[in-house]
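The values are calculated or read from the model by the stated rules, or taken from the named source; none is laboratory data. These numbers come from a predicted model, not from an experiment. A quick note on method: Cβ atoms are made from the backbone with ideal geometry, for glycine too, and the neighbour counts reach across all protein chains shown.
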Amino acid sequence: MSETPPELSVGDLAARSGVSVSALHFYEKQGLISSRRTSGNQRRYRRDMLRRVALIRMAQGVGIPLANVAEILSLFPPDHIPTRKDWQRMSECWKEELDERVRRLLQLRDDFTDCIGCGCMSIDRCPLINPGDELGRQGPGPRRLMGGVRGLTRARAADQPSSGTMCGSNPASGADPLCGSKPGGGYALDSCGSTAVEAAPGTT
C-alpha cells in the first residue's frame with residue numbers, strides 16, 4: 001500500500017479538492033488556508049488543508065459567507081490540525097443558521113403554492129386566507145412565511161423555539177456571537193462555555 005504524502009503542491013491540492021489553483025490562492029490570501037514555502041519558493045500545503053477546502057466549498061454551497069468561514073477557521077492556530085471534536089464544535093456554531101436555511105428551503109418547496117400573505121392576491125386561496133390584504137397591516141413581506149400568521153403547518157412548527165442554542169449566543173457571556181471567539185485572539189469558548197483551543201493572537 002502506497003503512503004499518502006504529508007504535503008501537497010498547489011497543483012496536487014487543486015486536483016484532489018476539485019478547486020482551481022486561482023481559487024486556492026484566493027483562499028490563502030483570505031487566510032482560509034495556509035502553506036509554507038520551499039527553498040525554491042514553491043507552496044507546500046499540509047494534507048489536512050483538503051478538509052478545510054472541503055469545508056469552504058460546502059459552506060459556500062449553502063450560502064454561508066466566506067467571512068463567516070474565516071472567523072470559524074481563525075479559532076485554530078495555523079499549525080493546529082483540527083481534530084474530530086474541533087470540527088464538531090465548528091459545525092455546532094452553524095447549527096441555528098443552517099436550520100433556518102433548511103426551513104426557508106422547505107417553505108419554498110412546499111408552501112409557495114399556497115397563499116403566503118405577500119399581498120399579490122393572485123392565487124385562488126388569497127382572498128380566502130388574506131381578504132383585502134389584511135396581513136399587510138402586520139408589516140411588509142410574505143407574512144405567512146415570516147411567522148406573522150401561523151397558518152401553514154411548516155411555518156407554525158418552525159416558529160417554535162429551537163432546542164439547540166447557537167454557540168456563544170448568550171449576550172451576557174461577554175463573548176462574540178461566533179462561538180465565543182474574542183477579538184485579537186486568546187481562548188475561544190465552545191458551545192458549553194468550556195475552554196476550547198487557543199486562538200492565534202491577531203487572527204481575525
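Tell me the helices (runs of 4 or more DSSP H) entirely within the stretch 1-78 that contain at least 2 residues that are among the aromatic types (Phe, Trp, Tyr) and at pLDDT 90 or above.
21-29
Out of all the residues in the stretch 100-115, is one or more of a type in the set (Phe, Trp, Tyr) and surrounded by 15 or more Cβ atoms within 10 Å (Cβ to Cβ)?
The answer is no; no qualifying residue exists.
Can you find a residue in the stretch 108-123 that is part of a loop (DSSP other than H, G, I, E, B), touching a Cys at 6+ places or on another chain (Cβ under 6 Å) and either of a type outside the set (Val, Ile, Thr) or in contact (Cβ under 8 Å) with a residue 60 or more places away in the chain (or both)?
yes
Consider Arg84 against the criteria (1) within 18 Å of the chain's Cα centre (by Cα); (2) surrounded by 15 or more Cβ atoms within 10 Å (Cβ to Cβ); (3) of a type in the set (Lys, Arg): it satisfies all of them except one. Which criterion is unmet?
With respect to (1) within 18 Å of the chain's Cα centre (by Cα); (2) surrounded by 15 or more Cβ atoms within 10 Å (Cβ to Cβ); (3) of a type in the set (Lys, Arg), Arg84 is out only on (2).
Tally the residues that are surrounded by 13 or more Cβ atoms within 10 Å (Cβ to Cβ) and either within 20 Å of the chain's Cα centre (by Cα) or over 13 Å from Ser9 (Cβ atoms) (or both), restricting the search to the stretch 26-45.
8
Need the failing condition index for Pro82 against (1) assigned to a helix (DSSP H, G or I); (2) modelled with pLDDT under 90, just the number.
Condition (1) is where Pro82 drops out.
From the list Leu8, Leu32, Leu13, which one is within 25 Å of Glu97 (Cβ to Cβ), touching a Leu at 6+ places or on another chain (Cβ under 9 Å) and touching a residue at least 12 places away in the same chain (Cβ under 8 Å)?
Selected residue: Leu32, the only one of Leu8, Leu32, Leu13 that is within 25 Å of Glu97 (Cβ to Cβ), touching a Leu at 6+ places or on another chain (Cβ under 9 Å) and touching a residue at least 12 places away in the same chain (Cβ under 8 Å).
Would you please name the residue that is surrounded by the fewest Cβ atoms within 10 Å (Cβ to Cβ), looking only at residues in the stretch 60-70 that are among the aliphatic types (A, V, I, L, M) and touching a residue at least 24 places away in the same chain (Cβ under 8 Å)?
Val62
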